[in-house]
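The values are calculated or read from the model by the stated rules, or taken from the named source; none is laboratory data. All of these numbers come straight from a predicted model, not from anything done at the bench. In this analysis, Cβ positions are derived from the backbone assuming ideal geometry, glycine residues included, and neighbour counts consider all displayed protein chains. Ligands, DNA and RNA are stripped out before the accessible areas are found, and what is left, the full protein with its side chains, is counted by its heavy atoms. Shrake-Rupley method; radii C 1.70, N 1.55, O 1.52, S 1.80 Å.
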Amino acid sequence: QQQQQQEEMDRPTANKIACQNGKGIASLCRDDLLKIFSYLPPVSLACCSMVCKSWNNLVKLSTLWQGAYTENRKSLLAVCGEDFASKLGLSVSNLGKTTNWETQCVKEQHRALLLCGSVTIADWKGHSGRVNCCRMGMGTIVTGSSDGTVQIWSTSSLCNLGRHMTPKKSPIVDLEFDEGKIIGLSETEVCVWSRKNGQLLRCIGGQSQRSFCMGYADPEIGIGCGDGTIRIFDLYSSRCTRIFRSGMSICELQQLCDSSGYNSRPASQLGFSNI
């Protein structure tokens, strides 16, 4: 049986035979490939450059991206109009000076989408208090509010899929969710709800300091506290297993993330320093 499997693996495929006989795409010369690639839009050109090393070198070392950049500018000018084009600095005659046409093309595309892209905005009232945090994923939006509630919404129908409240009606300051549960952080406790039936599974308390942020990587929850410590709790036993001291006195930890470790950022230097 192993010999049969090895023979099947070694047997040349139809594509390999076609290439060997000069009938596959590998038989095309460089000029033919360049001609085909020149008709592609930027996204398709980027995909082709990731197929293999030879195609990547062909796209990178040719003028294909410069041509795609020029054509993309023409289409942006046609879509955005003269007013938006002037804000973007778009002009077919003024292409600018760059050696990285691919990056320049992506940057201008992003700027154009931000200024004149097609956007649909849905607005609805979901909480009686201020919305403190929001997470989106798997076709779902989950919001936490100062009124002590967590609400779940569908991104397609915009309908409310569920509502949960903390036992003490404490404001929700941070939250996370996955396929099976929703984890909400209030100032003094963590509440875990089941997404299947909405039942409150457990409350994890015991932190004497005010909580500001949370990072979740099953089975652990990291909580950033007002005394500059990061307290790690086991989600299922509710025990505090570790305490990391950041050395930031009277500094509120504002952000925790990453399943492989916990990164903290002091509020006083938010945006300027990572620890």
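On average, how much accessible surface per residue is there in segment 178-221, in Å², for a 1.4 Å probe, leaving out ligands, DNA and RNA?
Value returned for segment 178-221: 44 Å² of accessible area per residue.
Would you mind classifying segment 171-233 by shape? Square roots of the alpha carbon gyration tensor eigenvalues, ordered a ≥ b ≥ c; an a/c under 1.5 is rounded, otherwise it is prolate if a/b is larger than b/c and oblate if not.
prolate
What's the carbon and sulfur percent of segment 103-203's accessible surface, probe 1.4 angstrom, rounded to a whole number?
Answer for segment 103-203: carbon and sulfur cover 52 percent of the accessible area.
Measuring from a point 7 Å past the Cα of Glu187 along Cα-to-C-beta, which residues in segment 136-159 have an amide N at less than 17 Å?
145-149
Using a 1.4 Å probe and ignoring any ligands, DNA or RNA, find the accessible area of Trp124 and quote it in Å² to the nearest 10.
Approximately 90 Å² for this residue.
Quick one: how many Å² of Met165 are accessible to a 1.4 Å probe, rounded to 10?
70
Rounded to whole Å, give me the distance from the Cα center of segment 24-65 to that of segment 148-200.
A separation of 49 Å, based on Cα centres.
Could you sort out which of Lys74/Lys107; Lys60/Lys107; Lys168/Lys196 sit more than 20 Å apart by Cα distance in this structure? Walk me through the intermediate numbers first.
Numbers: Lys74/Lys107 15 Å; Lys60/Lys107 18 Å; Lys168/Lys196 23 Å.
Violating the 20 Å limit, Cα to Cα: Lys168/Lys196.
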